[in-house]
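Some notes on the structure that comes next.
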Amino acid sequence: MPQTLVEKIIARASGQGAVKPGDLVTCKVDLAMLLDSGGPRRIWPRLKELNAGVWDPDKIFLASDHFVPAVDAESAGILKLTRDFAREFGIKNFYDMEGIGHIVLAENGHLAPGMFVCGGDSHSPMGGAYGCYMAGFGGIEMTAVVLTGEIWTRVPETIRVNWRGKFGRGVTAKDIALKLCCELGMDNAFKAIEYGGDTVRAMQMSERSVLTNMAAELGAETGMIEPDEVTLNAMRAAGRTPAADALSWRSDEGAAYFAVHDFDAGALTPQVAAPHAPSNSGPVGNYAGMAVDQAYIGACVGAKLKDLQMAAEVLKGRKVASTLRLLVAPASKQVTRDAEKDGTLGILLEAGATLLPSGCGAYAAMGAGILADGEVCITTTNRNFQGRMGASTASVYLGSPYTVAATAVAGKICDPRDMLGETVP
Amino acid sequence: MSEGNAWVFGDEINTDLMAPGLYMKSSNEEMAKHCLESVNPDFAKNVTPGDVVVGGHNFGVGSAREQAALNFGTLKVGAILAESFARIFYRNALNFGIPCLFFPDYATIKPGHRLRVDAALGRIDNLTTGTQHTVDPLPAHLLEMIRAGGLMPHLKKRFASAK
Ligand code: SF4
């Protein structure tokens, strides 16, 4: 029987010949991603209670990103515990303060098509851009994963989302992601979202991973993109040689989808999600003119090199409005180095941006840059639930790096196309 | 198998209602007292061990916070029946030893109906109306975990027998 990509991966990981949606199976985990937030500090006490260790330290990836750098005694304690855990269990793939886990994972070649990966973070579907299964789980389940190397799963149905055509100027993968939150809703539990179509094929990994990252906002099990040469090149760039069968990890011709949606990228305009849900999205024009106190370029989804470059396209030769502050937290140290080398960082700083450390920071209301009562913020991040970035009376709008940068210049929400001009340089 | 009175809730009951952010730093017992208080203030006060929670569509939507599911465990809820569950809530609840069953006929249950739920057979008896419903049972490996009392006791058993 023809199978979808997610069915193939689960069939392989569970040792079954074939699986169908709804089957409950136990899978062998190829890699477990732990972060400082829901990782060692939740898991270690449970391991102690069980008087047990980890199943395979080489299959555990650990990054400190949510609480870096420590801003108080509590976060310092969490980071210390995270480092002690890595030492205690001999976890070689420990990336301490290198950047946001989801980004560091890909940068260092830990992902490959066909893998079955569990992450202790809700945005774990981001890894699915590499044609692997990667889903997020709570701390209690990750305890079982690092202990046994296994997890049970209910085989999800697959929703295929095709985007065709070329983006207009100033339109990005982020605008697709925001549009889908509104179109598909946020309650797609037990579904895998498979993104395809020539628009997606034309994207680099950076943009593809925006789509899979925000499968979390759709409530899905995971988001995935079938691998192609772009995927393999990204793996090589990260120092990993793709397996000979890497490109075979794709949905079979005639595979049964739960639903297929087709969208026209050419008709898409820059989108903004208004408070307090990503699904509350619409064309940027709906909110144009809204005064903003803070513009934030950050998070796994919105502070990769490409995102910083998009912001720089707008900010080049311009200044951040005096009524607003622009904060930039590059997604990783590698991103910072690359952005420094190609001049992107210089453009952002010249425009008046404040540079923050690489990590989740203000975005999870843990680090520098949180909001005061009643403040308005526009960000490149993925969630705008009430209180997400600080005060619960603050309003958070989501947009693309273009839209956020244009707003930073105007001091109010603004259509980036007004500043970019019509033609791609 | 559990038997108890039905507590009926609607669609899209979210994790903030189940575990209000205000009490996230309280003890498990204290926090459980506030479970669903803004929807039904009597629930946490009057629920008795074995009672059954009935929800509609997308039960448990929202954050991954374990406390949302843990509260039902602390209150010793016997089972949760819903038209559909949000993914992470569903898994968390099972991990805390609470059987969750997808129940298309959820709307036939009225508050206070006496229910007997057999998660192994996938059978729900409404003792008040005398009707019987068949749903997908929990599969063996999940039942084993539920019977052990949840993931941690299950792992303890598994590791004790391995040693
Ligand atoms: S940047 Fe935000 S969404 Fe990404 S891992 Fe950190 S907290 Fe989660």
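Would you jot down the residues in the range B:58-98 that end up with at least 40 Å² less accessible area in the complete protein assembly than in the chain alone, with a 1.4 Å probe?
Residues losing area: B:E66, B:R87, B:Y90, B:R91, B:N95.
Quick check: Cα centre of the range A:206-248 to Cα centre of the range A:301-379, how many Å?
25
Using a 10 Å Cβ count of at most 11 others and DSSP loop calls, identify the longest part of chain A lacking such GluC sites (Glu not before Pro).
Longest gap between qualifying sites, sites excluded: A:1-252.
Assuming R0 = 56 Å, can you tell me the calculated FRET efficiency for the pair A:E253 and A:D72, based on Cβ-Cβ distance, to the nearest 0.05?
Plugging the Cβ-Cβ distance into 1/(1 + (r/R0)^6) gives 0.50.
Over what distance in Å are the Cα centres of the range A:149-188 and the range A:65-95 separated?
Here the answer is 33 Å between Cα centres.
Could you tell me what percent of the accessible area of the protein assembly as shown is made up of carbon and sulfur, with a 1.4 Å probe and every protein chain present?
51
Stokes-Einstein at 37 °C, 0.692 mPa s, Kirkwood radius from Cα pairs: D for chain A in µm² s⁻¹?
153
Using a Gaussian network model on chain A with a 10 Å cutoff between Cα atoms, which of A:L232, A:L398, A:L111 fluctuates the most?
A:L232
Across the range A:252-265, in residue order, what do the Karplus-derived ³J(HN,Hα) couplings come to in whole Hz, using 6.51 cos²θ - 1.76 cosθ + 1.60 with θ = phi - 60° and x for Gly and Pro?
Taking θ as phi minus 60°, the curve returns 6, 4, x, 4, 8, 9, 5, 7, 10, 10, 10, 10, 9, 5 Hz for the range A:252-265.
With a ≥ b ≥ c taken as the square roots of the eigenvalues of the C-alpha gyration tensor of the range A:1-129, please select rounded if a/c is under 1.5 and otherwise prolate if a/b is larger than b/c or oblate if it is not?
prolate
At a probe radius of 1.4 Å, figure out the B/A buried accessible area, summed over both chains, and give it in Å² to the nearest 100.
2400
Note the full-extension length gain between A:D96 and A:N280 as 0.36 nm times their separation in residues minus their Cα-Cα distance, in nm to one decimal.
Value of the extension gain: 62.7 nm.
For chain A, set up a GNM with springs between Cα atoms under 10 Å and report which of A:P357, A:P45, A:P270 has the largest fluctuation.
Residue with maximal mean-square fluctuation among A:P357, A:P45, A:P270: A:P45.
Return the average number of partner chain Cβ atoms within 10 angstrom of each residue Cβ along peptide A:136-144.
Across the residues of A:136-144, the mean count of other-chain Cβ atoms within 10 Å is 6.
Which FRET efficiency value, to the nearest 0.05, is calculated for A:A368 and A:K341 with the Förster distance at 22 angstrom and r the Cβ-Cβ distance?
So the FRET efficiency works out to roughly 0.35.
What three numbers, in Å, describe the spread of the alpha carbons of chain B along their principal axes, ordered from the longest?
49, 39, 25
Per residue, how large is the accessible surface of the protein assembly as shown? Use a 1.4 angstrom probe and give square angstrom.
Value returned for the protein assembly as shown: 37 Å² of accessible area per residue.
If the limit is 23 Å between Cα atoms, which of B:K76/B:K156; B:K76/B:K157; A:K48/A:K80; A:K174/A:K304; A:K174/A:K341; A:K28/A:K80 go over it?
A:K174/A:K341; A:K28/A:K80
The values are calculated or read from the model by the stated rules, or taken from the named source; none is laboratory data. Quantities reported herein were computed from a predicted structural model and do not represent experimental measurements. Using ideal geometry, Cβ is built from the backbone for each residue, glycine included, and neighbour counts are taken over all protein chains shown. The area values use the complete protein model at the heavy-atom level, side chains included, leaving out ligands, DNA and RNA. Shrake-Rupley method; radii C 1.70, N 1.55, O 1.52, S 1.80 Å.
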